[in-house]
Amino acid sequence: MRVYQVLLLGVSGMAIAAFAVFIFYGGGTGGKGLSSIGGSFALIDHKAQPKTDKDFRGRYMLIYFGYTYCPDVCPTALQSMTEAMDNLDPKTQKKITPIFITVDPERDTVKQLNAYVENFHPTTVGLTGTVEEIAKTARVYRVYFGRAKGVEEDSTDYLMDHSSIVFLMDPDGEYVTHFTHATPPKKLAERLAKVVGP
Ligand code: NI
């Protein structure tokens, strides 16, 4: 267990999100760090099809990491992404794929994801995978996640702590910018329209 994980024990999800942003910006990378966010992944989508980062080339990816059992933050983020997408003109909208990557692959099966993404923008792609592949994907996006303390180790009724960042990646899979679950949908739509264009 690393020092920052110890520090995170027992803190609220919001504090964790704030701290994750701190980690995200920190590390003494001197500004070069942001361009190294993102990378390759090999996961499985909500239709049980294998999907890698390369399958999304040519389109912007609007990526959020979370889990379907999340009571508040994840639905807020995905609803915001949905509303932002709905506010874009159809041409711009077609250039963006909203992507939800689970940090809870043990409960977020293909079937679970398939039912969940139906609540959000119709082009949303849900991704799950092996525990190892999810951990690797979160790592390349510098997303923190872990099972929240306070429930039995073998319980299936648990919460996940995780950072809450919406990443915008360009058609080459390169980092452009990011938002949070708290970014208002209107602002998100404005930024997307500006970056992606008509
Ligand atoms: Ni969440």
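Stokes-Einstein diffusion for the stretch 43-178 at 37 °C, viscosity 0.692 mPa s, with a Kirkwood radius from C-alpha pairs, works out to 217 µm²/s.
L159 exposes around 90 Å² of accessible area when a 1.4 Å probe is run over every protein chain in place.
Taking the Cβ-Cβ separation of K54 and K186 as r and a Förster radius of 25 Å, what is the calculated FRET efficiency to the nearest 0.05?
Numbers: r = 32 Å, r/R0 = 1.29.
After rounding to 0.05, the efficiency reads 0.20.
Listed by chain and number, the lysines placed with their C-alpha closer than 27 angstrom to that of K54 are K32, K91, K94, K95, K111, K136, K194; residues fewer than eight positions away on the same chain are left out. Over the stretch 76-171, accessible surface divided per residue gives 46 Å², non-protein components excluded, 1.4 Å probe. The V110 and K194 beta-carbon pair, evaluated with R₀ = 30 Å, returns a calculated FRET efficiency of approximately 0.30. For D154 and V131, the FRET efficiency from 1/(1 + (r/R0)^6), where r spans their Cβ atoms and R0 equals 22 Å, is about 0.90. Solvent-accessible surface (1.4 Å probe) assigned to I63 amounts to roughly 0 Å². Under a 5 Å amide H cut-off, with hydrogens placed 1.01 Å from N, Y141 pairs with G38 among residues at least 5 apart or on other chains. Among the trypsin sites (Lys or Arg not before Pro) found in the stretch 127-188, those both in a DSSP coil and sparsely packed, with 16 or fewer other Cβ atoms within 10 Å of their Cβ, are K149. Distance between the C-alpha centres of the stretch 181-198 and the stretch 133-152: 27 Å, rounded to the whole angstrom.
The values are calculated or read from the model by the stated rules, or taken from the named source; none is laboratory data. Since the model is a prediction, treat every value here as computed from it, not as a measurement. When we count neighbours, we look across all protein chains shown, and the Cβ atoms used for this are built from the backbone with ideal geometry, even at glycine. Just so you know, the surface numbers come from the protein's heavy atoms only, side chains and all, with ligands and any DNA or RNA stripped out. Shrake-Rupley method; radii C 1.70, N 1.55, O 1.52, S 1.80 Å.
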